[in-house]
Amino acid sequence: MPLKITVIGTGYLGATHAAAMAELGFEVLGLDIVPEKIAMLSEGRVPMYEPGLEDLLKRHVVGAEGSTGRLRFTSSYEEAGQFGDVHFICVNTPQKHGEYACDMRYVDNAVESLAPHLHRPALVVGKSTVPVGSADRLAARLAELAPAGADAELAWNPEFLREGFAVQDTLHPDRIVVGVTSDRSEKVLRDVYTTPISEGSPFVVTDFPTAELVKTSANSFLATKISFINAMAEVCEAAGGDVVKLAEAIGYDERIGSKFLRAGIGFGGGCLPKDIRAFMARAGELGADQALTFLREVDSINMRRRGHMVELAREAVGGSFLGKRVAVLGATFKPDSDDVRDSPALNVAGQIQLQGAQVTVFDPKGMGNARALFPTLAYAPSAQEAAQGAHAVLHLTEWREFRELDPVGLGELVAERRILDGRNALDPDYWRDAGWAYRALGRPMA
C-alpha cells in the first residue's frame, strides 16, 4: 500500500511540504488548529506569498478544478492519526519572549496531541528547527503516549527552505538529512524521498543530535559569512576602501566563494536571527557556551548595520530628520517573500520615524504584513508615490523592480536626489549620471 502522509502545522514550512508531498504522488492530509487557515488552504489559497506555492496547492487540493485530489486539510488529530503512516511535524519554534532560547511548546503540543491517536505502526518526523537533545526527549514521550508503543517511532528531518525558493527546495533539495534510530525509519524516509534521491539529491543518514545540529550549524555559518562581509564594510568605510570590490576579489577564492558576500543592512527573517540565538542558548545549557561566543559578535555586527544605515540617512539629510520626508523601498527581510519578521528594512524605517522624519514605505508583496507590524508608518501603492517629495530614498530590500527603477523619472518626483543603497544592489554610476547623490554601506562617497 502507498504511504499516506500527514503534515502537522500548515504555515510557511507545512503548507509547502504538504503541497510538495502531493506533487510527489502521495495522499496528504494537512492539519492545523487555526480554522481560518484550514478554510483558506482548502480553497486552494495560501496565507503567505511564496512563488509557485499557490499553483502547486491548487494542482492537488480536493475540489479545485483539474486537481488530483491528493491533498486535503483538517483540524482533527484523531483523523490525522487514523489516516497517516508518516506524520511530519512542521510547526513554528519561535524565540522565547525576553530570552534567546527556543520556544518548544508548539512542537511539544503537536506530539502530545498526535501520539494518543497512533494505534498502529507510524513514523513521526520532525522538520521544525529545535534545540539539540529535543528528539531524544520527544521520542520517549511518543512511545509513552502512543497506543502503538515502540511501533510509533520518531525521526528528525530538518528543513532547508529558502524563502522565495521553497517549492524548488522541497521538490529538488540540495541534500536530505535524516536522523533515525532504526533501519525501518530510514527505509520509510527513503520511500518518501524516492523521487529526489533518484534525481541525485544526497541522502545523509545520522543520529538524532547530528540531524538537529545540521540546520542550526548551517544557519550559523551563513550568518557568520554575512556578518563577516558587513564587518569588512565597516573597515572599508574607515579606510576608504570599496567593500564591493573587496567581496569580488575574495569571492574568486574557491575556499570562500562569492555567495552571501554582499554587504548591506544585514539579515533578518524568521530563521537566522532566532536560530543563532537559540543555538547559543542551548550551547550554554550543555556547558559548551564558549564554543559559540563568536555568534554573539555575529549577531552584534548584524544589528549594528541597521543603526549605521539610520546614521547615514540622518547625515544625508543634513544632520536631523525633523521636517524631512524619507522614502523606504522595501519592507520584507528579503525579496520574493512577504515575510517582515525581524526585517532590517522595517527596523530602519521605524527608527527614522521615531527620530522625526515622515517615512513612507513601499514593498511589492509585504505591505499588509508591514502595516500590521508598523501601523504608524505611511505606506504608498508604488515606489514612485513613496518617493514623492522625499529628501532621501532608501533602498532596503533588493526587489528586482527596485533595481530596474528609472532614476531620471524618479528624480523628477523627489525633493532632493539622494539615494542610500542599503543592499549594494544598485548601479552607482547609473544613479549618479542621473544627478543623484549615491551612498552605500562600505563604499567610497564617489
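The values are calculated or read from the model by the stated rules, or taken from the named source; none is laboratory data. These figures come from a predicted structure and were not determined experimentally. Heads up, the Cβs are rebuilt from the backbone with ideal geometry, glycines too, and the neighbour counts pull from every protein chain shown.
Look at R184 and say whether it is farther than 25 Å from L161 by Cβ, more than 19 Å from the chain's Cα centre (by Cα), in the same structural domain as R137 (by TED's automatic domain parsing) and charged (D, E, K, R). Considered against the rule, which asks whether it is farther than 25 Å from L161 by Cβ, more than 19 Å from the chain's Cα centre (by Cα), in the same structural domain as R137 (by TED's automatic domain parsing) and charged (D, E, K, R), R184 comes out as yes. Scoring Y106 on the criteria (1) of a type outside the set (A, V, I, L, M); (2) in contact with a Ser or Thr (Cβ under 9 Å, 6 or more places away or on another chain); (3) free of Cβ contacts under 8 Å to residues at least 60 places away in the same chain; (4) not in a loop (DSSP other than H, G, I, E, B) leaves a single failure, condition (3).
Considering every residue within region 29-41, establish whether at least one is without any contact (Cβ under 8 Å) to a residue 12 or more places away in the chain, among the acidic types (D, E), within 23 Å of G270 (Cβ to Cβ) and out of contact with any strand residue (DSSP E or B) (no Cβ under 7 Å at 6 or more places or on another chain). Yes: one or more hits. Residues in region 205-216 that are within 23 Å of the chain's Cα centre (by Cα) and either among the charged types (D, E, K, R) or assigned to a strand (DSSP E or B) (or both) were compared, and the one that is farthest from A155 (Cα to Cα) is K215.
Scanning region 224-250 for residues that are over 22 Å from P344 (Cβ atoms) and in contact with a Leu (Cβ under 9 Å, 6 or more places away or on another chain) returns E248, I250. Hey, can you tell me all the residues within region 285-296 that are assigned to a helix (DSSP H, G or I) and farther than 16 Å from S134 by Cβ? Residues satisfying the conditions are D289, Q290, A291, L292, F294, L295, R296.
Where in region 363-419 are there helices (runs of 4 or more DSSP H), lying fully within it, with 2 or more residues that are of a type outside the set (K, R), in contact with a helix residue (DSSP H, G or I) (Cβ under 9 Å, 6 or more places away or on another chain) and under 14 Å from S343 (Cα atoms)?
Working: elements: 367-373, 383-387, 400-403, 407-411.
The qualifying helices (runs of 4 or more DSSP H) are 367-373.
When A446, A378, A434, A372 are checked against the criterion of being surrounded by fewer than 22 Cβ atoms within 10 Å (Cβ to Cβ) and at pLDDT below 95, A446 stands alone in meeting it.
Considering only residues in region 123-154 that are of a type in the set (G, A, S) and under 20 Å from A218 (Cβ atoms), the one that is surrounded by the most Cβ atoms within 10 Å (Cβ to Cβ) turns out to be G126. In region 364-376, is there at least one residue being at negative phi and over 21 Å from the mean Cα position of the chain (by Cα)? Among the residues of region 364-376, at least one is at negative phi and over 21 Å from the mean Cα position of the chain (by Cα), which makes the answer yes. Kindly provide the set of residues from region 155-166 that are surrounded by 21 or more Cβ atoms within 10 Å (Cβ to Cβ) and aliphatic (A, V, I, L, M), ordered by number. Passing the criteria: A155, A166. Taking (1) within 22 Å of A263 (Cα to Cα); (2) in contact (Cβ under 8 Å) with a residue 40 or more places away in the chain in turn, K365 satisfies each apart from (1). Selection of region 140-180 for residues being of a type in the set (D, E) and either out of contact with any Pro (no Cβ under 7 Å at 6 or more places or on another chain) or at pLDDT below 95 (or both) yields E144, E153, E159, E163, D169, D174. Pairing each residue of region 370-393 that is within 19 Å of W436 (Cβ to Cβ) with any residue that is among the acidic types (D, E), provided the two are 6+ apart or on different chains, yields C-beta distances under 9 Å for A383/E401; A390/E416; H391/E416; A392/E416.
Residues in region 229-262 that are touching a residue at least 12 places away in the same chain (Cβ under 8 Å) and of a type in the set (F, W, Y): F260 only.
Given A140, A135, which one is assigned to a helix (DSSP H, G or I) and in contact with a helix residue (DSSP H, G or I) (Cβ under 8 Å, 6 or more places away or on another chain)? Explain how you work it out, then say what you get.
Numbers: A140 fails: in contact with a helix residue (DSSP H, G or I) (Cβ under 8 Å, 6 or more places away or on another chain).
A135 is the lone residue from the list that is assigned to a helix (DSSP H, G or I) and in contact with a helix residue (DSSP H, G or I) (Cβ under 8 Å, 6 or more places away or on another chain).
The set of residues in region 324-359 that are assigned to a helix (DSSP H, G or I) and surrounded by fewer than 24 Cβ atoms within 10 Å (Cβ to Cβ) comprises N347, G350, Q351, Q353, L354.
Here is a yes/no grid of residues against (1) surrounded by 17 or more Cβ atoms within 10 Å (Cβ to Cβ); (2) closer than 24 Å to D342 by Cβ; (3) out of contact with any Lys or Arg (no Cβ under 7 Å at 6 or more places or on another chain):
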{"position": "A231", "(1), (2), (3)": "yes, yes, yes"}
{"position": "V235", "(1), (2), (3)": "no, no, yes"}
{"position": "A239", "(1), (2), (3)": "no, no, yes"}
{"position": "L246", "(1), (2), (3)": "yes, no, yes"}
{"position": "I256", "(1), (2), (3)": "no, no, yes"}
{"position": "K274", "(1), (2), (3)": "yes, yes, yes"}
